[in-house]
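Structure first, commentary second.
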Amino acid sequence: MEEILKQAGLFRELPGELIARLAAEAVDRRTAAGDEVVRRGEEADSLFVVAEGEFEVYLPDPVIGDEKVLRTLGAGETFGEIAVFAEGMRTASVRSLGPGRLVQLDRSSCVAAVRKHPELGLALCRVLALSLIHI
């Protein structure tokens, strides 16, 4: 999992010892086509890095029974950063478009890493700013 984190934009410029520590605390999660990884309105307790496959970020609209696709994510991209650090609820849902693999980091690991390594906070700001530009 360490190699996957090293390739992700959020972690790419971080010290090797931090990436190794995060990788040791991470969960390797496999998905099948259509699996919902996170659901809008759920508590955000994890950040995810796409290792393999494609994942769709979407907003479900139960009133009209439709949804709006916001973005498709591939290898090296992350999701869940804002909600994890803001200790909020998920504002969108994410599902796997096919077989996939994710690296899942829980909130406590992420927060502890930012406190100990401020450069992760800077990387987080950079990734978030770039993602806002693309939406």
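The values are calculated or read from the model by the stated rules, or taken from the named source; none is laboratory data. Bear in mind that the values here come from a model prediction, so they are computed numbers and not experimental data. The accessibility values were calculated without ligands, DNA or RNA, using every heavy atom of the protein model including side chains. Shrake-Rupley method; radii C 1.70, N 1.55, O 1.52, S 1.80 Å.
Once the 1.4 Å probe is applied to the protein heavy atoms, the range 1-100 comes out at 52 Å² accessible per residue. Accessible surface for residue 35 stands near 60 Å², nearest 10, in the context of the full protein assembly shown (1.4 Å probe). For the chain, the carbon plus sulfur part of the accessible surface works out to 54%, probe radius 1.4 Å.
Taking only complete DSSP H runs, can you tell me which helices of the chain stretch 18 Å or more along their own long axis by Cα positions and average at least 0.5 on the Kyte-Doolittle scale?
118-134
Compared with the direct C-alpha span, the chain from residue 33 to residue 12 gains 4.8 nm at full extension, assuming 0.36 nm per residue.
When the helices of the chain are scored as -39500 (n - 2.57) per DSSP H run of n ≥ 4 and the total is divided over every residue, the value at 222 nm lands at -10500 deg cm²/dmol.
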